[in-house]
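Below: one structure, written as structure tokens.
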Amino acid sequence: AISYSEAAHCALIALRCAKNARPINSVLDEDYKLEVEMLRPGTKLPSPMTVQRDLLYIYEQASIAVKNYFLV
């Protein structure tokens, strides 16, 4: 089992949006909010702006890693 942390949850949401071509504002979906509340009551979901910021950060960091991988 994976321990819960707000940071890990935000990263998971960002990766899910990128991997599955989901819209960033999917965190605003009422059914999604209900699902999260059912699984972990009281969980605060990130705003779409936070998801966008996290996606940009992940992209930037991955780009650096790929660039460094191909350096000769």
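Name every residue in the range 58-72 that is farther than 18 Å from A14 by Cα and either of a type outside the set (G, A, S) or in contact with a Cys (Cβ under 7 Å, 6 or more places away or on another chain) (or both), in order of residue number. Walk me through it before giving the result.
Residues of the range 58-72 that are farther than 18 Å from A14 by Cα, as a first pass: 64-72.
Selection gives I64, V66, K67, N68, Y69, F70, L71, V72.
Take L28 and decide whether it is under 14 Å from C10 (Cβ atoms), hydrophobic (A, V, I, L, M, F, W, C) and free of Cβ contacts under 8 Å to residues at least 60 places away in the same chain. Taking the combined requirement at face value, the residue does not satisfy it. Of the residues making up the range 8-26, those that are closer than 18 Å to Y57 by Cα, touching a helix residue (DSSP H, G or I) at 6+ places or on another chain (Cβ under 9 Å) and of a type outside the set (D, E, K, R) number 11.
Quick check, is K67 in a helix (DSSP H, G or I), more than 10 Å from the chain's Cα centre (by Cα) and under 22 Å from Y4 (Cα atoms)? Reasoning before the result, please.
Values: in a helix (DSSP H, G or I): yes; more than 10 Å from the chain's Cα centre (by Cα): yes; under 22 Å from Y4 (Cα atoms): no.
In short, no.
Return the residues of the range 36-72 that are in contact with an Asp or Glu (Cβ under 9 Å, 6 or more places away or on another chain) and open to solvent by 100 Å² or more (accessible area, probe 1.4 Å); say none if nothing qualifies. Within the range 36-72, K44 is the sole residue that qualifies.
The set of residues in the range 11-28 that are part of a loop (DSSP other than H, G, I, E, B) and surrounded by 14 or more Cβ atoms within 10 Å (Cβ to Cβ) contains only R22.
The values are calculated or read from the model by the stated rules, or taken from the named source; none is laboratory data. Just so it is clear, the model here is predicted, and its values are computed rather than measured. Don't worry about glycine lacking a Cβ; one is built from the backbone with ideal geometry, like all the others, and counts go over all protein chains shown. Remember, those area values only see protein heavy atoms, side chains included, never the ligands or the DNA or RNA. Shrake-Rupley method; radii C 1.70, N 1.55, O 1.52, S 1.80 Å.
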